[in-house]
1. So how much accessible area does M417 have, in Å² to the nearest 10, using a 1.4 Å probe?
2. Please list 3J(HN,Hα) in residue order for segment 27-37, calculated via the Karplus relation 6.51 cos²θ - 1.76 cosθ + 1.60 where θ = phi - 60°; whole Hz, with x for glycine and proline.
3. Classify the chain: rounded, prolate or oblate, from the alpha-carbon gyration tensor (a ≥ b ≥ c, eigenvalue square roots; a/c under 1.5 rounded; otherwise prolate if a/b is larger than b/c)?
4. Where in the chain are the DSSP H helices whose C-alpha atoms run 24 Å or more along the long axis and whose mean Kyte hydropathy is at least -0.5?
5. Taking the solvent-accessible surface of protein heavy atoms with a 1.4 Å probe, what is the per residue accessible area of segment 375-430 in Å²?
6. Please report, in debye to the nearest 20, how large the charge dipole of the chain is about its Cα centre when each Lys and Arg carries +1 at its beta carbon and each Asp and Glu carries -1 there.
7. Return the subset of K195/K372; K139/K377; K14/K389; K133/K284 for which the Cα-Cα distance in this structure is over 25 Å, preserving the input order.
8. Aspartates and glutamates near K45 by alpha-carbon distance under 14 Å, same-chain residues fewer than 8 away left out - which ones?
Amino acid sequence: MERLHSINGFNEAKQVIVGGVNSPVRAFSSVGGIPVFIQSAKGCKLVDVDGNSYIDFVQSWGPLIFGHCDDDIELAVLNSIKNGLSFGAPTLKETALAKQIIKMYDSLEKVRLVSSGTEAVMSALRLGRAYSKKDDILKFDGCYHGHSDSLLVNAGSGCVTFGNPSSLGVPEDLAKHTYVARYNDLDSVYECFKKGNIGCVIIEPIAGNMGLVPADLNFLEGLRKVCDEFGAVLIFDEVMSGFRAWSNGIEHYSKVRADLYTFGKVIGGGMPLAAFGGKDEIMKLLSPIGGVYQAGTLSGNPIATSAGLAALLKIEANPQIYPMLEKLALRLTEGLKQEAKKRDISIQTCVRGSMFGFFFNENEVKNFDDAKKSDTKLFARFHAAMLNKGVYFACSQFETGFICTKMNEKIIDEVIMYAGESFDEIRLEA
Ligand SMILES: *Cc1c(COP(=O)(O)O)cnc(C)c1O
């Protein structure tokens, strides 16, 4: 498959955009390839600038549960555009979207709309710190919560420490307030609580940023208990899993309720929109009612709000999509497993609704340490082979795949066949 225009496009982009991309994961650095430059997309297919077509399992990293250019979302956006792009004043649509989000999630009383997941998480964290009146927070190794300073923190050598900045420019003085525990390991959580004065615990209850690694349900119950015991605010970061794994995200799988939630991706229907929300008692600390400052010129932007509302209304009207998407995800992962097994390749797979993951790993993956034992070189070769057959998987072993409603069994079976061929090619190379 020729990708000359992508290669040229990447070289040209690098002259004016740092690293040629506006978000680092797009650079394909962990698979050592050249990013595919996209011309257009429709349904579950991408078309690149060389005219090649790909079955898209990235779906803009999650938002496009109805695929590209969904008729209803497109129409909502087109209608909205005619009335003005932005006002910086309230619109009735924002209320409608807020009502819809609250209706679909059991544990939300109030929300606020923002423009990115990073912003939602950063604001929820500030709120959690204000409510608990404690500065220390706890996150989990392998979870991603956007790029605000407090959360660009890694576990130090060995887990269960206060963290080290994972980016230059993050002050040590700030990072020392972020404790990092091991995912699915309650003992490591208790250890952190003993060491720090923790007021906030943030977790992806269905982690999608170390590959797909769901939290054990009894682990979530344990977390709720620790937070209650120590007076800490529990935040579920569902920027990826919210309205995606299932219409009500983690609530579909677990009875545990967090105090605050963050959303993004699907709730914008492909436009820049995110939200945070939760108990009124905490949310009312937000400005203009309370003393926690948070604001945004383009927050609740009418075009983004229209796209998000159209997506959520369509989800509500079609609850049957989740079991259907899950069936397709299971068909895909079972197929991958069988093709791998035929060739003695170790693979671990996981499905949560429309989200799926696979690791080239001999053992089950329960946390980031396990995930890191995966064969990333094998993944890179598999990724490249699949790309050449027209299958667009996320360009890292530590990402999640997404099924959209425009996919069907025939497409999935085609992908499984390509996977078998790719495994053969990889083995010949090795
Ligand atoms: C994508 C993501 C974010 C960050 O959202 P952006 O819109 O990229 O800023 C935060 N948390 C989780 C769990 C995510 O998947």
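1. 100 Å²
2. 6, 6, 5, 7, 10, x, x, 9, x, 7, 8
3. Details: a/c = 1.59, a/b = 1.22, b/c = 1.31.
Because a/c hits 1.5 or more and a/b fails to exceed b/c, the chain counts as oblate.
4. Values: long enough: 321-342 (32 Å, -0.41); 409-429 (30 Å, -0.14).
Answer set is 321-342, 409-429.
5. Details: 2270 Å² over 56 residues.
Heavy-atom SASA per residue in segment 375-430 reads 40 Å².
6. Values: 45 positive and 51 negative charges, 118 e Å.
With only Lys, Arg, Asp and Glu charged at Cβ, the dipole is about 560 debye.
7. Working: K195/K372 27 Å; K139/K377 28 Å; K14/K389 27 Å; K133/K284 15 Å.
Pairs exceeding the cut-off: K195/K372; K139/K377; K14/K389.
8. Correct list for K45: D56, D70, E414.
The values are calculated or read from the model by the stated rules, or taken from the named source; none is laboratory data. Just so we're clear, the structure is a prediction, and the values are computed from it rather than from any experiment. All Cβ positions, glycine included, derive from the backbone under ideal geometry; neighbour counts span all protein chains shown. Calculation scope for accessible area: heavy atoms of the full protein, side chains included, ligands and nucleic acids excluded. Shrake-Rupley method; radii C 1.70, N 1.55, O 1.52, S 1.80 Å.
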